[in-house]
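Have a look at the structure below before the remarks.
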Amino acid sequence: MLTDRTAETLTAWLQAHPGVEIICRDRAAAYAEGAREGAPDALQVADRWHVWNNLAGAVERTVARHQKCLNAAVDTAAEPNPDADSDADQQHGQYGVTAPVQPVQPEDRTDRIATRTRERYTAIHALLADGVGIRAISARLHLARGTVRRFARADTVEELLTCNGTGRRPSLLDEFKPYLRQRWGEGCTNAAALFAEVKARGYRGGQKILREYLRPFRAAGRIPEPLPKPPSVRRVVGWIMSDPSNMDEEGQRQLDAILAASSQLAALAGHVRAFATMMCGLRGHELEEWMNAVDADDQPGLRSFVVGLRRDQDAVTAGLTLPYNSGPVEGHVNRIKMIKRQMYGRAKTDLLRKRVLLSD
């Protein structure tokens with residue numbers, strides 16, 4: 001057990017334990033440096049799971065930039081209602097509304113929040129470019145890891161300033177919409193009465209939003225049938241990253257519709273399948289060709305991934321060629337975490353080391 005994740009600590013341990021021939025590691029720059037300094041003759045092998053996970057992050061950023069194409073996965077047969085164009089109703093395909101969402105411009109935010117967001121984005125991406133990991137960035141900038149990941153996934157700061165990159169402003173009415181549909185179906189069609197009811201249930205918005213949400217109901221004389229929601233970005237990423245033979249028929253149908261709606265996503269899926277074939281077949285000698293193909297394509301997210309691969313190309317090539325992986329180590333990491341949780345996370349390194357050794 002090492003006391004921390006710094007390069008210096010790993011270097012010191014390796015120098016105190018000479019003879020290490022193969023070091024299988026994740027993509028953290030600190031481990032790469034520590035291995036290089038502490039055991040220069042050892043072969044570094046990038047763990048395949050971590051490489052695949054890095055690729056998934058690049059795929060997620062790309063899919064997030066093409067969210068409108070995800071609507072192709074659902075049936076949009078309902079006619080759009082031109083009267084229902086409020087922010088509260090501008091969900092993907094809800095009640096047939098297809099009016100374009102107007103993004104929130106940075107100047108609509110307070111200067112303080114916008115400035116802080118820009119500074120954080122610049123700092124996080126500068127550290128990422130230097131190979132610093134999410135956890136290290138979190139500790140250095142005193143930010144939650146989830147926050148760091150959100151900033152890391154954004155290709156531009158505008159994605160963070162514009163509705164967190166979702167393309168839609170969350171409505172205060174969202175959580176009350178199922179209740180409103182239920183009450184409308186029960187015969188309560190008075191907006192003032194419904195407003196009083198949801199107000200009593202915790203709604204903090206104004207009556208105007210509620211009235212605009214109910215307008216399509218009143219115009220149609222009945223509750224419009226809600227259209228299926230498009231799949232989430234993460235679900236689409238999961239489909240793209242999955243073996244087609246393991247997908248169910250409905251998931252494959254939706255993915256096919258999305259890829260047909262976007263040539264960029266279709267090309268992205270092709271690159272992912274090629275990488276998976278190379279990785280599963282341990283054909284690391286094909287990595288350079290794969291990276292060149294990505295560089296020649298219009299795939300900013302994958303190009304960023306390739307930049308990281310080139311910085312660590314020897315270790316990645318070894319990971320895609322040799323059978324070694326970090327699976328056993330990850331198992332021990334999970335065991336250590338479990339032991340630490342049993343002590344409510346308050347164990348110092350010396351006590352934790354004893355607990356780990358005595359638990360064997």
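The values are calculated or read from the model by the stated rules, or taken from the named source; none is laboratory data. Everything quoted here is computed from the prediction, not taken from an experiment. For neighbour counting, all protein chains shown are included, and Cβ atoms are generated from backbone atoms with ideal geometry for every residue, glycine included.
For the reader, a short list of remarks on this structure follows.
- The lone exception for Leu70 - which of (1) in a helix (DSSP H, G or I); (2) crowded, with 19+ Cβ neighbours inside 10 Å; (3) free of Cβ contacts under 8 Å to residues at least 24 places away in the same chain it fails: (3)
- Among residues of region 214-224, those that are hydrophobic (A, V, I, L, M, F, W, C) and either surrounded by 15 or more Cβ atoms within 10 Å (Cβ to Cβ) or not in a helix (DSSP H, G or I) (or both), counted: 3
- Lone unmet requirement of (1) of a type in the set (A, V, I, L, M, F, W, C); (2) in contact (Cβ under 8 Å) with a residue 12 or more places away in the chain; (3) buried (at least 18 other Cβ atoms within 10 Å of the Cβ) for Leu259: (2)
- Top-ranked residue of region 185-213 - restricted to ones that are of a type in the set (Asp, Glu) and part of a helix (DSSP H, G or I), ranked as modelled with the lowest pLDDT: Glu212
- Qualifying residue in region 57-67 (condition: in contact with a Lys or Arg (Cβ under 7 Å, 6 or more places away or on another chain), touching a residue at least 12 places away in the same chain (Cβ under 8 Å), of a type outside the set (A, V, I, L, M) and not assigned by TED's automatic domain parsing to the domain that holds Gln254): no
- Every condition in (1) over 24 Å from Gly131 (Cα atoms); (2) touching a His at 6+ places or on another chain (Cβ under 8 Å); (3) of a type outside the set (Lys, Arg) is met by Leu357 except one, and the failing one is (2).
- Considering the conditions (1) at pLDDT below 90; (2) in contact with a Leu (Cβ under 9 Å, 6 or more places away or on another chain), Ala315 is excluded by exactly one of them, (1).
- Complete set of residues in region 142-155 that are more than 23 Å from Ser304 (Cα to Cα) and surrounded by 15 or more Cβ atoms within 10 Å (Cβ to Cβ): Leu143
- Within region 269-326, being over 27 Å from Ile23 (Cα atoms), part of a helix (DSSP H, G or I) and of a type in the set (S, T, N, Q) holds for one residue alone: Asn292.
- Pairing each residue of region 268-291 that is in contact (Cβ under 8 Å) with a residue 40 or more places away in the chain and more than 16 Å from Leu322 (Cα to Cα) with any residue that is of a type in the set (Val, Ile, Thr) and surrounded by 17 or more Cβ atoms within 10 Å (Cβ to Cβ), provided the two are 6+ apart or on different chains, yields C-beta distances under 8 Å for Leu268/Val59; Leu268/Thr62; Leu268/Val63; Leu268/Ile240; Val272/Val59; Val272/Ile240.
- Test: Ser245 is surrounded by fewer than 14 Cβ atoms within 10 Å (Cβ to Cβ) and closer than 23 Å to Arg61 by Cα: no
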